[in-house]
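This report concerns only the one structure given below.
The values are calculated or read from the model by the stated rules, or taken from the named source; none is laboratory data. All of these numbers come straight from a predicted model, not from anything done at the bench. All Cβ positions, glycine included, derive from the backbone under ideal geometry; neighbour counts span all protein chains shown. Calculation scope for accessible area: heavy atoms of the full protein, side chains included, ligands and nucleic acids excluded. Shrake-Rupley method; radii C 1.70, N 1.55, O 1.52, S 1.80 Å.
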Amino acid sequence: MPNPHEDSDRSFDADTATLLGRQFADAELRVNGVRIAVMGVLAIAATVYAPHLSRPLALTNFVVLAPMLAWAIGQHLFAHRTGRAGGRLFLANIVLDITATTLLLLGYGVFGDPNLAVKSPIFSIYFVVLATRPFTGSPRRAAFAASLATAQYAGLVTFLLLTGRLPLLSDPMVSGMQAGTTLLDEGSKVMMLIVAGVVSTYATGWIEATLVKGISARRNADARFRSVFEQTGVGVALLSESSTIIEANEALATFLGTTAERLAGEQLHGFAAGEDSDAVGAMAREVVSGERGSVSGEQRYVRGDSGPVWGSLTLTRAPAESGARLIAVLQDVTQRKSLEKELLKQAFYDQLTGLANRSLFRDRVQHALARASREHDLVAVMFLDLDNFKGTNDTLGHAAGDDLLSIVATRLLNATRGCDTVARLGGDEFAVLLENVRTDDDATIVAGRIEQALSTPVPLSSGVTVRVSASIGIARAAAGDGVEELLRNADVAMYAAKSAACGGHVFFDPSMHAALVDRVTLEGDLRRALDNNEFWVAYQPIVSLDSHEVLGIEALLRWSHPTKGNIPPADFIGLAEETGLIIPIGRWVLRQACQRTAQWNGRRTDGQRFSVTVNISVRQLESPTLVTDVQAALTESGLAPETLVLEITENALMQRAELTIERLHEIKALGVRLAIDDFGTGYSSLSYLQQFPVDILKIDRSFTDGLMGSGQDDALARTIIALGDLLTLRTIAEGVEHARQHARLRDLGCDYGQGYLFSQPLAPSDMDRLLEKGVLEVPGEEMIVLSLAGAPPAK
């Protein structure tokens, strides 16, 4: 296709030039059709009027019109229909059209009436049309056409005036009524042709410039779109009305695991996985129907053989000129989905065991309660606390503890029903949500299966096999119970099970809640007791079984509550252990006992000194501050270290044997003596006993009570006394309450004892009386003496 703009001041790309060439050819074809019609009408008119015209004038019509008509028909047949019409043919048409008109007017002016040539409105208008020449397609050609038409018309008028064929009038007012013309009339016509030509040239140039700008802007927009389309990392595709892919970029092909060429002709929803395919199709229909201008969603897609991936799809209507109905933008969000899944897991699942965590468990309980209220089902919750887990964790290490928790979690899942929710609440506490529970027997059956599952020894990855059990509290949801009430009741029942017997299960009873309230109240009182000086220390004498001489005292904590009176140690010592309050309380007892004993020893005039025994709990033994606490108490009181005896139960010694041995040696280095309390009731071996740097064995009162029987009931007491002699350890019998026990212990070789037979725990004032009088006699008990010197003999 010839380029009609080949002589333009501006250049177009090949595609634009081709398009403009086609449009120009169509316009030129229509103009030529008009030319044929005009020439044909003029030819017919000339033929009709030929008998009335002079011979030269008729000949002029023929000479001008016949060739022009032939030229127009010829170019239609051989140029326009064959697509060879171009810029040169257009220029030829400009010259021929204007020249033919000029020649025709010249003929009329020479052989006919010159006034017709210059005054006919038809010819004037036609000359203006020729001067403005529409569809030139170029400012240069528009200027050339205007200039040629103006010049030929001016030349024609000049010729007619110079040859005298057209009179030159001086008064423009009479030119309309007389033959001839004036310079003003013809100058105006020439000026009109010039102005028309300038306007035509400017309009053509403006149209071309605007066209160039529009094309440039469109080209830039297309280039930007193409750049984004091809280089973006987001998948983009043009879709038809039926979601068929017309064109896709490489990012989309990579996301779907194929090539852009293979995507063409495929339906986008065909790559979506499962039910997501219908979702993509529905999205496309919403946009195509005009229901929504844009729609977005996230779906799974199949990526070749690598499995499903997640994509975020946005569909929008495409511009009409794009040839597509939809633009699809598909972004890979697989990593984000994976991260969301991981975050969800972290938020609602225990990282160690994979079980539901506390947050998810509470949510499940809430939904279960709502469902049960609608369907009139029963819901129960179990709380489980592993027994002696702390010992395993501390002895074998945290890695072994984590291993044990993971195995327990697996066993809980296997022991429960598929509809139950198993959760780890933290530490060694687990919970189970039981739905569709008909009776208590259903919960009992599940609890039994859990107990059975945990009864099997647990082989750890380290090669060590341990045993584990759990205390289980069960609470049933009553009418009106919310999540908090149900979980609280299960927790209360679990503590009741733990207190009753490790490894069992207990159903919640309302009375347990009252006990819990009392416990919480007592804990609050206990926390305030130390600051309010409600504690005091009693001292029970340790005497020689032969002479009743007081050789030492044992410091025993007492609590005088402002409203409840004296609270027995058995009611609050365990609570102090659990809450950790035993550490500051034990530190206070240690300091009080050392100060009092140092004062009393300073008052003695017989040269003897009391030893003072202070009980140390498991929590204190594990505390890293114990050694410094003992050192501080000795330093502040001035008590001789060898007169302080720290008493530790046998079970406490064995809970963490290695750490205990190390800690005892540190204490021993201070010069303090050590005693094992309740000896014989634990599970220490002789090898461990030899490693512990102890000085004293205290015979548990249960063995002392056995001395009241007959036969071999005193065998254990005798064995402990013999073991003390073998290891050169002093033995002290506890709980001596009867003269018979006293006598039997003395016969077995036990030198020391303490108990109500000699003295109950004494207030500091009673100890002061003993120091003053040297003798202390309590009604119903045997008399005790401060020392043998200056005191009456024992009974």
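Tell me which of these ARG740 doesn't satisfy, since it passes every other one: (1) more than 30 Å from ARG596 (Cα to Cα); (2) surrounded by 13 or more Cβ atoms within 10 Å (Cβ to Cβ); (3) in contact with a Leu (Cβ under 8 Å, 6 or more places away or on another chain).
Condition not satisfied by ARG740: (2).
Does the stretch 465-490 hold any residues that are over 22 Å from ASP377 (Cα atoms) and either outside the structural domain of LEU384 (by the TED database) or open to solvent by less than 60 Å² (accessible area, probe 1.4 Å) (or both), and which are they? Reasoning before the result, please.
Going residue by residue through the stretch 465-490, those that are over 22 Å from ASP377 (Cα atoms) are 465-472.
Once the filter is applied, which keeps residues that are over 22 Å from ASP377 (Cα atoms) and either outside the structural domain of LEU384 (by the TED database) or open to solvent by less than 60 Å² (accessible area, probe 1.4 Å) (or both), the stretch 465-490 yields VAL466, VAL468, SER469, ALA470, SER471, ILE472.
Does the stretch 98-113 contain any residue that is assigned to a helix (DSSP H, G or I), of a type in the set (S, T, N, Q) and free of Cβ contacts under 8 Å to residues at least 24 places away in the same chain?
The answer is no; no qualifying residue exists.
Taking only the stretch 721-740 into account, find how many residues are of a type in the set (S, T, N, Q) and without any contact (Cβ under 8 Å) to a residue 12 or more places away in the chain.
Start the filter on the stretch 721-740 by keeping residues that are of a type in the set (S, T, N, Q), which leaves 728, 731.
If we keep only those that are without any contact (Cβ under 8 Å) to a residue 12 or more places away in the chain as well, we get 728.
Within the stretch 721-740, residues that are of a type in the set (S, T, N, Q) and without any contact (Cβ under 8 Å) to a residue 12 or more places away in the chain number 1.
When only residues in the stretch 264-310 that are within 23 Å of LEU339 (Cα to Cα), in contact with a strand residue (DSSP E or B) (Cβ under 6 Å, 6 or more places away or on another chain) and among the acidic types (Asp, Glu) count, which is least open to solvent (accessible area, probe 1.4 Å)?
Among those that are within 23 Å of LEU339 (Cα to Cα), in contact with a strand residue (DSSP E or B) (Cβ under 6 Å, 6 or more places away or on another chain) and among the acidic types (Asp, Glu), it is ASP276.
In the stretch 144-161, how many are more than 17 Å from ASN93 (Cβ to Cβ) and either of a type in the set (Gly, Ala, Ser) or at pLDDT below 80 (or both)? Before the answer, list the steps.
Initially, the stretch 144-161 is screened for residues more than 17 Å from ASN93 (Cβ to Cβ), giving 150-151, 153-161.
When the remaining residues are screened for being either of a type in the set (Gly, Ala, Ser) or at pLDDT below 80 (or both), the result is 151, 154-155.
Counting residues in the stretch 144-161 that are more than 17 Å from ASN93 (Cβ to Cβ) and either of a type in the set (Gly, Ala, Ser) or at pLDDT below 80 (or both) gives 3.
Of the residues that sit in the stretch 628-678 and are surrounded by 15 or more Cβ atoms within 10 Å (Cβ to Cβ) and hydroxyl-bearing (Ser, Thr, Tyr), which one is modelled with the lowest pLDDT?
Looking at residues that are surrounded by 15 or more Cβ atoms within 10 Å (Cβ to Cβ) and hydroxyl-bearing (Ser, Thr, Tyr), I get THR660.
Could you check how many residues of the stretch 531-589 are of a type outside the set (A, V, I, L, M, F, W, C) and in a strand (DSSP E or B)?
To start, the set of residues in the stretch 531-589 that are of a type outside the set (A, V, I, L, M, F, W, C) comprises 531-534, 539-541, 544, 546-549, 552, 554, 558, 560-566, 568-569, 571, 574, 577-580, 584, 586-587.
Within this subset, residues satisfying the condition of being in a strand (DSSP E or B) are 539-541, 544, 549, 552, 554, 558, 560-561, 565-566.
The total comes to 12.
Kindly indicate whether any position in the stretch 211-223 is touching a Lys or Arg at 6+ places or on another chain (Cβ under 9 Å), in a helix (DSSP H, G or I) and either at pLDDT 80 or above or not assigned by the TED database to the domain that holds LEU315 (or both). Give the steps one after another, and end with the answer.
Of all residues in the stretch 211-223, those touching a Lys or Arg at 6+ places or on another chain (Cβ under 9 Å) come to 211-212.
Add one more test, that the residue is in a helix (DSSP H, G or I), and what stays is 211-212.
Narrowing further to those that are either at pLDDT 80 or above or not assigned by the TED database to the domain that holds LEU315 (or both): 211-212.
Yes, the stretch 211-223 contains a residue that is touching a Lys or Arg at 6+ places or on another chain (Cβ under 9 Å), in a helix (DSSP H, G or I) and either at pLDDT 80 or above or not assigned by the TED database to the domain that holds LEU315 (or both).
Pull up the stretch 401-455, narrow it to residues that are polar (S, T, N, Q) and in a helix (DSSP H, G or I), then point me to the one that is nearest to VAL379 (Cα to Cα). Before the answer, list the steps.
The first filter runs over the stretch 401-455 and keeps only residues polar (S, T, N, Q), leaving 406, 410, 414, 416, 421, 436, 439, 444, 452, 455.
From what's left, in a helix (DSSP H, G or I): 406, 410, 414, 444, 452, 455.
Numbers: SER406: 26, THR410: 23, ASN414: 20, THR444: 13, GLN452: 23, SER455: 26 Å.
In this case the residue turns out to be THR444.
Taking the condition of being among the small types (Gly, Ala, Ser), surrounded by 12 or more Cβ atoms within 10 Å (Cβ to Cβ) and more than 30 Å from LEU330 (Cα to Cα), how many residues in the stretch 187-245 meet it?
The number of residues fulfilling the criteria is 8.
Exactly one condition in (1) charged (D, E, K, R); (2) touching a strand residue (DSSP E or B) at 6+ places or on another chain (Cβ under 6 Å); (3) open to solvent by 60 Å² or more (accessible area, probe 1.4 Å) is not met by ARG591; state its number.
Only one criterion in (1) charged (D, E, K, R); (2) touching a strand residue (DSSP E or B) at 6+ places or on another chain (Cβ under 6 Å); (3) open to solvent by 60 Å² or more (accessible area, probe 1.4 Å) is unmet by ARG591, namely (2).
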